[in-house]
Amino acid sequence: MNRAHIVTLALALAAPAFAPMPLHADDTLKVAIGQINNWENQAPTLGQDAGIFKKNGLVLETFGTAGAGETLQPIISGSADIGIGVGVAGAMRAYATGAPIRILAPAFTGSTDLYWYVRADSPIKSLSDATRANTVAYSTNGSSSHNLVLAFVEELGLKAKPTPTGTPPATLTAVMSGQIDIGWAAPPIAMQEIKDGRLRIIARGSDVPSLRGQTVRATVINANLLKQRPDVAARFVKAYRESIDWMYSDPKALELYAKKIDKPLELVKQTVAQFYPKDVLQTDKMADLPGILRDAVKLKFLREQLTPAQLTEFVQTPPR
């Protein structure tokens, strides 16, 4: 064998050692998002658009639901992995019945973003004016809007009949057509109609004293996925937190959001500033957990409070 052949053979044998390692494919997660167009639920969609989840080795397949009730079902069945914007009381009820649901992180603390409204020609000026002949909207059973309507009844004496109406756009249509007396919404839905004088806000979620400092919505995960792939869950939370930081630091996020929901940028800026201070989207601590448990029992989401051991199993938020 001549020298040229020896060199060629040596290079061929060495090549695998110096060849680039094959890249691992990104992990794909199916994410159900209640009220997918609301600002507080934008971390998965806007974060993916900004490349933040990709940077963390994740690809999200997102789809919207009409509220927590619809969000929980695919997580429980395993047809989706993660649910966004789920009412904490509804998630507790599912867990208490044996559903494979865990809280991965808090998502919204307080209830400043939700409001209830009537048409401008309605005789209802406040919740106290409503009678048993009237209807009051919430999204789906187990949602934070459902929790608040039950609190209106329990704490503020509301007499109107609680009625599930799905998404804020569907609710707006029902109110404008006279099918529902008191509608519910979150910004920016109905804000233009309120500004134009066609609707009037008569109540806000913050009117309920007991819920003002509570974490009312959370990000949930299928328990089997969390057990089998905790690293994927941790990377999701990391990317989610990075996305929220980006949403509040880069003006491009508001521009993308305004374009996505087809609303004027100035209206979007005003509503985010008014209803969504960054601290309400904190993802580190379930605020006022004793109050959450107390109210979940009082409003009949739970028959009895979860034990400390159950809470340790139920809430599994990765540290920063």
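Assorted remarks:
- Counted residues, segment 156-168 - those being surrounded by fewer than 17 Cβ atoms within 10 Å (Cβ to Cβ) and either assigned to a helix (DSSP H, G or I) or free of Cβ contacts under 8 Å to residues at least 24 places away in the same chain (or both): 1
- On inspection, Ser177 passes the criterion of being closer than 28 Å to Arg132 by Cβ and open to solvent by 60 Å² or more (accessible area, probe 1.4 Å).
- Figure legend. Inter-residue proximity from segment 35-46: first residues within 17 Å of Phe236 (Cβ to Cβ), second residues in a helix (DSSP H, G or I) and of a type in the set (Gly, Ala, Ser), beta-carbon distance below 6 Å, spacing 6+ or different chains. Indicated pairs: Ala43/Ser243; Leu46/Ala253.
- Candidate set from segment 54-88 (those that are touching a Lys or Arg at 6+ places or on another chain (Cβ under 8 Å), touching a residue at least 60 places away in the same chain (Cβ under 8 Å) and not hydrophobic (A, V, I, L, M, F, W, C)); member that is surrounded by the fewest Cβ atoms within 10 Å (Cβ to Cβ): Gly57
- Residues of segment 228-244 satisfying the condition of being of a type outside the set (Val, Ile, Thr) and surrounded by 15 or more Cβ atoms within 10 Å (Cβ to Cβ): Arg229, Ala233, Ala234, Arg235, Phe236, Lys238, Ala239, Tyr240, Arg241, Glu242, Ser243
- From the list Ala253, Ala273, the lone residue that is of a type in the set (Gly, Ala, Ser), touching a residue at least 12 places away in the same chain (Cβ under 8 Å) and outside any loop (DSSP other than H, G, I, E, B) is Ala253.
- Residues that are farther than 24 Å from Pro100 by Cβ, in contact with a strand residue (DSSP E or B) (Cβ under 9 Å, 6 or more places away or on another chain) and open to solvent by 40 Å² or more (accessible area, probe 1.4 Å) within segment 285-311 comprise just one, Asp288.
- Condition met for Val118 (open to solvent by less than 30 Å² (accessible area, probe 1.4 Å), farther than 26 Å from Lys285 by Cβ and either assigned to a loop (DSSP other than H, G, I, E, B) or touching a Leu at 6+ places or on another chain (Cβ under 8 Å) (or both)): yes
- Within segment 222-249, the set of residues being more than 23 Å from Ala91 (Cα to Cα) and in contact (Cβ under 8 Å) with a residue 24 or more places away in the chain comprises Glu242, Ser243, Trp246, Met247, Tyr248.
Residue by residue, here is whether (1) aliphatic (A, V, I, L, M); (2) open to solvent by 10 Å² or more (accessible area, probe 1.4 Å); (3) not in a helix (DSSP H, G or I) holds:
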| position | (1), (2), (3) |
| --- | --- |
| Lys125 | no, yes, yes |
| Thr131 | no, yes, yes |
| Thr140 | no, yes, yes |
| His146 | no, yes, no |
| Ala151 | yes, no, no |
| Ala170 | yes, yes, no |
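- Arg303 being assigned to a loop (DSSP other than H, G, I, E, B) and on the phi < 0 side of the Ramachandran plot: yes
- Members of segment 89-112 that are open to solvent by 30 Å² or more (accessible area, probe 1.4 Å) and among the hydrophobic types (A, V, I, L, M, F, W, C): Ala96
- Test: residue in segment 82-105 that is modelled with pLDDT under 95, in a loop (DSSP other than H, G, I, E, B) and within 15 Å of the chain's Cα centre (by Cα): no
- Residues that are assigned to a loop (DSSP other than H, G, I, E, B), at pLDDT below 95 and crowded, with 21+ Cβ neighbours inside 10 Å do occur in segment 197-215.
- Taking segment 106-115 as the range and being among the hydrophobic types (A, V, I, L, M, F, W, C) and part of a loop (DSSP other than H, G, I, E, B) as the test, only Leu114 passes.
- Condition met for Gln282 (at pLDDT 95 or above, open to solvent by 70 Å² or more (accessible area, probe 1.4 Å) and within 19 Å of the chain's Cα centre (by Cα)): no
The values are calculated or read from the model by the stated rules, or taken from the named source; none is laboratory data. This structure is a prediction, so every number in the text was calculated from the model and none was measured. Cβ coordinates were reconstructed from backbone atoms using ideal geometry, including for glycine residues, and neighbour counts include every protein chain displayed. Side chains are part of the model used for accessible areas, which takes the heavy atoms of the whole protein and leaves out ligands, DNA and RNA. Shrake-Rupley method; radii C 1.70, N 1.55, O 1.52, S 1.80 Å.
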